[in-house]
1. Stretched out fully, how many nm does the piece from residue B:39 to residue B:109 gain, at 0.36 nm a residue minus the Cα gap?
2. For peptide B:159-167, compute the average count of partner chain beta-carbon atoms within 10 Å of each residue's beta-carbon.
3. Just round it to a whole percent: the fraction of Cα-Cα distances in region B:16-163 exceeding 22 Å.
4. Roughly how many whole Å is it from the C-alpha centroid of region A:130-148 to that of region B:55-107?
5. Bin width 10 Å, origin at 0, all Cα-Cα pairs of region B:153-254: what percent of pairs per bin?
6. Which value in nm describes the separation of the simple spin-label points at residue B:123 and residue B:102, placed 7 Å from the Cα toward the beta carbon?
7. Return the percentage of antiparallel bridges among DSSP beta bridges fully within region A:154-270, rounded to the nearest 5 %.
8. Need the full-extension length gain, residue A:171 to residue A:190, defined as separation in residues times 0.36 nm minus the C-alpha distance. One decimal, nm.
């Protein structure tokens, strides 16, 4: 009889703990993050034939640049000159296909835009479009890229990236950045300024430099992993949602990160506090 | 060791009939569908459906068998003998676990051999999609080993649920079900609690282990082992606990 009572008592105790866990902590799904992480960034095959076009424009009249790349690389940097220099390379599987496409430059007001011309046929064949771009400091640059790489070095200005299945590297940014990434890998380093990052099914690493005014961190990760060494407090909410809030300095520059099914790491350089996992 | 083998032999003999029956049913089912396909009455896609049937049924069967192997000891009154014999509780539990593993292996082998024998066109088609036979064999073995581990954890939970249910007088079915839920929750929580202690472990690159780059370039799959280690320790603790309870406190009249 004694063992029956002990068994029932243990079951009852565990039941109370189980109910309390479900009631106050959201149950097993609330804090356990997925342990298997998938990342798919399909390999890019090289084009068989290529042709290049170059464009040089004065940046005095233009304040905004839009680049629409695909299946290729985009390299972007700021310079101290006032010229916008764009080297575009189109690639294709054959000369026939290559001849039907060219890079189109469009100027509309203060905006200049580069994209590939529409083909003759309804169905778009495989075409690669890569850019190597230099812009005056302080310019607003918007990049759209699917299946490829985006590399931004020492950029000063307003940066907007919209990428899918792409590898994005930003090393050195002074200004404002707005980044949207789906199924990608983001490596953002030496960031000095406010940033808005929306990613899904991506791995994102962001490293901020310490700047005057400091940062205001507002991070939400759903069904993903959040880690880093920065002045924010992480809170686990229901439905696999991780929320992190915090400030460095006066919290002047907003850092807004929204991630779903992603792996996000946020570091603030020279931060002395403990790492958050 | 000899006693363990005797226990294993006893359990295997008990499972010989149901496993033989299921294997026979599977082969007959495959044969009928093959004949229908040969007479062009059914399309090749029917082979996919007929292979899926035993594969879906297999986990349910093994779950039932996990209960059944212990239940039969009470039903046939052999539990008296088991408790009188000078064998530790973990001998009994692991012998039953090994029996389930062998049943699973035999039934899986029947499904694979049946597929290779009766549905050769489907296999040829599948081989065009995958990188090669060595890739299939390697990943097949890895998946098989992984499934053995997953199956073991299920069997261990079921064994604990059954043994605990035999320690109470009434509502044994409900107690077993509730114990199953609670033990699963407890082990999961243990994994979360012990996770910080194992963060030093590197992630396991599944894409390299399964050579996924040969299938699709750019696929990266990594398994963070830190939250799993605690759960695995928990599962082992459940096995030890079940063995101890079975050996010392189980009610033979329950």
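Only the coordinates and a few stated rules stand behind these numbers; no lab work does. It should be emphasised that the depicted structure is a prediction, and the values quoted were computed from it without experimental measurement. Ideal geometry is used to build each Cβ from the backbone, glycine not excepted, and the neighbour counts take in all protein chains shown.
1. Contour length minus the Cα-Cα distance gives 22.5 nm.
2. Average per residue, whole number: 1.
3. That fraction is 51 percent.
4. 65 Å
5. Pair shares across the bins are 15, 32, 24, 17, 9, 2, 0.
6. 2.6 nm
7. 20 percent
8. Working: separation 19, 0.36 × 19 = 6.84 nm, distance 0.58 nm.
Result for the pair: 6.3 nm of gain on full extension.
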